[in-house]
Amino acid sequence: EMAGFYRPLDLMAAARGLQLAQVPRLVIYYLLGHNVDQVVAFVAAFGVSSGHFWLHDYAALYNNYKLLRNDVAYAGRPDAGSMAQQLCLYAQAPFCHADEFSRLFDALALEVIAPSQAACAIWVAAGLHKAAGVRVLEHCALEGQMPGAQGARAADGPLRVGFLGYPAAHKGWEVFAELALRFGDDPRYEFHHLGKGRQGGLPVTYHEVVADAQNPDAMRAAVARTGLDVALVWSIWPETFCLTAYEGLAGGAALVSNPDAGNVARLIDQSGGANGRVLADEAALAEAFASGAILALARRGVARAEYGLAYSPLTTQFWFSGEGA
C-alpha cells in the first residue's frame, strides 16, 4: 500500500521512537540513487550495525555498474591512472561509487552475498571494501528432470535460435538481431524472441512472455513449448547470475555465449560443454552459423531433457538455518 513520501530525517525520527522487541535484520539489495550518509543514519536509528549486502551488479566497484567501458565493451574495473580509465567517460564523473560504498562498509559490518561464483571472484579480485565476509548463494538451480519433455525436432527441421527477455544491448540483443538479419533467409535457421519489447523489421518470430509471481515458470515453459534448440545469451558484461540462462536450460535449449558473460560462461564451462558453447567473439559466432558448426547443438529427432527450477529462499536461508545473524 502506498504510504506517501517522507523526508529521510522524518523517517529516522520515527524509527527512533519505535519500541521493538528485537533488533531488525538488515538486507541491502540495491543502493543506486540513495545517499550513503542517510542510509547509514537510518539503519543506526533502528539500532542496527550489521547485515547482508547482495552483489546484484558492480555499482560498489565502479561508476558503470556493468563494468562496461562507455557502455560498449567489458574491460574489467580499470586501474587508477590507466589508459582504460582515461578512455572511459564514467571515470570522469565528479563522484566515485567505490568511495561511497567504502564509507558504507566502514560504517556497517556487511557480509557480501554473491549470486554466483563468477560474481564472487570479481568482487574478491577488486579488493576494495572490508566486508565482514563473502559467500555465494545462487538464485535458483536446475532440479529433477521433468517427464514428458516437449520439443522433439524433425530430422530435417531448421535450428531454432532464441533470444530470451527484454531486447537490451548489454544482454546481447544487437548481436542476436545481426544474426537474424544475416541468416534470416537461410533455411537452416529460424529465429525467435521470447519476452517483452517487440522489435520490428527483423525476420524474427515474437512470443510475448511475462513471468510474474503468479506464473514464475512462464519463460521456462515458453522455451519448451517453442522447442528452442539454442538460447543465445550473448551478454556483453559479466552477469552476476542471469535467470534467463537457467530458464533456457530448464526449457531444453543449449546456451551459446561469450567469455565476458560472467556466470553464463561459467554455467556452460562447468558442464564440460553439455550445456552449450562459449565462443571466443562475434566473429567466431558468425562463423559457426555460416559453416553450420552451430547445428551440432540441434535436438533433432529427440526431445532434449527439461528440468524444473528450484528457487532460493535468498537471505532467509541464513536466518532460519542458523548460518547467519
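A Cβ distance below 9 Å, combined with a sequence gap of six or more or placement on separate chains, defines the contacts here; from segment 285-296, residues that are closer than 23 Å to ASP260 by Cβ and modelled with pLDDT of 95 or more reach residues that are aromatic (Phe, Trp, Tyr) and open to solvent by less than 60 Å² (accessible area, probe 1.4 Å) in the pairs LEU285/TRP234; ALA286/PHE183; PHE289/PHE183; PHE289/TYR189; ALA290/PHE183; ILE294/TYR189. No other residue among GLY172, GLY133 is small (Gly, Ala, Ser) and buried (at least 17 other Cβ atoms within 10 Å of the Cβ) apart from GLY172.
The residues on offer are PHE95, PHE105, and the sole one that is part of a loop (DSSP other than H, G, I, E, B), out of contact with any Phe, Trp or Tyr (no Cβ under 7 Å at 6 or more places or on another chain), more than 18 Å from ASP260 (Cα to Cα) and of a type outside the set (A, V, I, L, M) is PHE95. Within segment 187-200, the set of residues being in contact (Cβ under 8 Å) with a residue 40 or more places away in the chain and surrounded by fewer than 22 Cβ atoms within 10 Å (Cβ to Cβ) comprises just one member, ARG188.
Residue-wise test of (1) within 26 Å of the chain's Cα centre (by Cα); (2) crowded, with 17+ Cβ neighbours inside 10 Å; (3) hydroxyl-bearing (Ser, Thr, Tyr); (4) not in a strand (DSSP E or B).
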{"site": "PRO24", "(1), (2), (3), (4)": "no, no, no, yes"}
{"site": "ASP37", "(1), (2), (3), (4)": "no, no, no, yes"}
{"site": "ALA60", "(1), (2), (3), (4)": "yes, yes, no, yes"}
{"site": "TYR65", "(1), (2), (3), (4)": "yes, yes, yes, yes"}
{"site": "ASP71", "(1), (2), (3), (4)": "yes, no, no, yes"}
{"site": "ASP99", "(1), (2), (3), (4)": "yes, no, no, yes"}
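Scan segment 4-22 for residues that are assigned to a loop (DSSP other than H, G, I, E, B), open to solvent by 70 Å² or more (accessible area, probe 1.4 Å) and of a type outside the set (D, E, K, R) and the total you get is 7.
Which one is most open to solvent (accessible area, probe 1.4 Å) among residues in segment 74-95 that are of a type outside the set (A, V, I, L, M, F, W, C) and closer than 24 Å to ALA280 by Cα? Can you show your working first?
So the first thing to find is which residues in segment 74-95 are of a type outside the set (A, V, I, L, M, F, W, C), and the list is 74, 76-79, 81-82, 85-86, 90, 92, 94.
Subsequent filtering for residues that are closer than 24 Å to ALA280 by Cα retains 74, 76-78.
Numbers: TYR74: 69, GLY76: 16, ARG77: 91, PRO78: 14 Å².
Once the filter is applied, the top-ranked residue is ARG77.
Do we have ILE122 as open to solvent by 20 Å² or more (accessible area, probe 1.4 Å) and either modelled with pLDDT under 95 or under 23 Å from the mean Cα position of the chain (by Cα) (or both) here? Here the answer is yes, as ILE122 does meet what is asked.
Listed conditions (1) touching a Phe, Trp or Tyr at 6+ places or on another chain (Cβ under 7 Å); (2) at positive phi are all met by GLY184, apart from (2). Remark: PHE42 falls outside the filter, which requires a residue to be open to solvent by 90 Å² or more (accessible area, probe 1.4 Å) and among the aromatic types (Phe, Trp, Tyr). The sole residue among VAL204, VAL112 that is open to solvent by 20 Å² or more (accessible area, probe 1.4 Å), among the aliphatic types (A, V, I, L, M) and modelled with pLDDT of 95 or more is VAL204.
Each row is one residue, and each column tells you yes or no for (1) touching a residue at least 24 places away in the same chain (Cβ under 8 Å); (2) within 26 Å of LEU243 (Cα to Cα); (3) of a type in the set (S, T, N, Q).
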site: SER50; (1), (2), (3): yes, no, yes
site: TYR74; (1), (2), (3): yes, yes, no
site: ASP79; (1), (2), (3): no, no, no
site: ALA93; (1), (2), (3): yes, no, no
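Output the number of residues of segment 163-174 satisfying the condition of being part of a helix (DSSP H, G or I) and over 18 Å from GLY200 (Cβ atoms). Within segment 163-174, residues that are part of a helix (DSSP H, G or I) and over 18 Å from GLY200 (Cβ atoms) number 2. On the basis of being within 28 Å of THR315 (Cβ to Cβ), of a type in the set (A, V, I, L, M, F, W, C) and within 23 Å of the chain's Cα centre (by Cα), does LEU32 make the cut? Judged against the criteria, LEU32 is a match.
The values are calculated or read from the model by the stated rules, or taken from the named source; none is laboratory data. What you are looking at is a predicted structure, and each value in this text was computed from that prediction instead of being measured. Backbone-built Cβ (ideal geometry, glycine too); neighbour counts: all protein chains shown. SASA here: full protein model, heavy atoms, side chains in, ligands and nucleic acids out. Shrake-Rupley method; radii C 1.70, N 1.55, O 1.52, S 1.80 Å.
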